[in-house]
Structures are given as structure tokens and as C-alpha cells.
Amino acid sequence: MGATSRVTVRRISGFSTDTNPTMVAVAAALAVWRGLGLSPLAEPLERLERVMLSSWQRSHNEIPVFA
């Protein structure tokens, strides 16, 4: 069986103007990768960053799509 990792979100702190579901999803993805000891390639990190930065132009409660 492969490596596993779990992220438990205990608290989300931030201003409602900049803390949205996309920011939480990106933080969780980075935490899982760190927990698994993975260092993603530049392209996936750049894609996450693009989705994250564009999230401020969309509805605050929009669920992110990282495909």
C-alpha cells in the first residue's frame, strides 16, 4: 500500500476578503504533500498559484476546480 497522509483543519484564520475555499484547498494540498514528503514539480505549483490568484475575481464562496 502507498503512503498516506491526513490533514485536519482546526482553524481557519483570515479576513473574509482574502480567505476563501480556494485558499483553504491550496493550503490543504500543500500540507498533504508536505506530510507525504513530496516536492511537487514547478508546473503543478504554478497551476495552483494561478487558480489561487484568480479566486479573488470569482464569487467568494465558489468551490475551486483544479483540473
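The values are calculated or read from the model by the stated rules, or taken from the named source; none is laboratory data. Not measured: the values here are computed from a predicted model. Glycine gets a Cβ as well: all are built from the backbone with ideal geometry, and neighbour counts include every protein chain shown.
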When region 1-19 is checked residue by residue, the ones that are touching a residue at least 24 places away in the same chain (Cβ under 8 Å), small (G, A, S) and under 22 Å from S54 (Cβ atoms) are S16
Within region 34-67, residues being in a helix (DSSP H, G or I) and small (G, A, S) number 4
Within region 51-66, restricting to residues that are over 14 Å from the mean Cα position of the chain (by Cα) and among the polar types (S, T, N, Q), the one that is modelled with the highest pLDDT is Q57
Counting only residues that are modelled with pLDDT of 85 or more and in contact with a Phe, Trp or Tyr (Cβ under 9 Å, 6 or more places away or on another chain), region 8-21 contains a total of 1
The correct count of residues that are in contact (Cβ under 8 Å) with a residue 40 or more places away in the chain, more than 12 Å from V7 (Cβ to Cβ) and surrounded by 13 or more Cβ atoms within 10 Å (Cβ to Cβ) in region 20-65 is 5
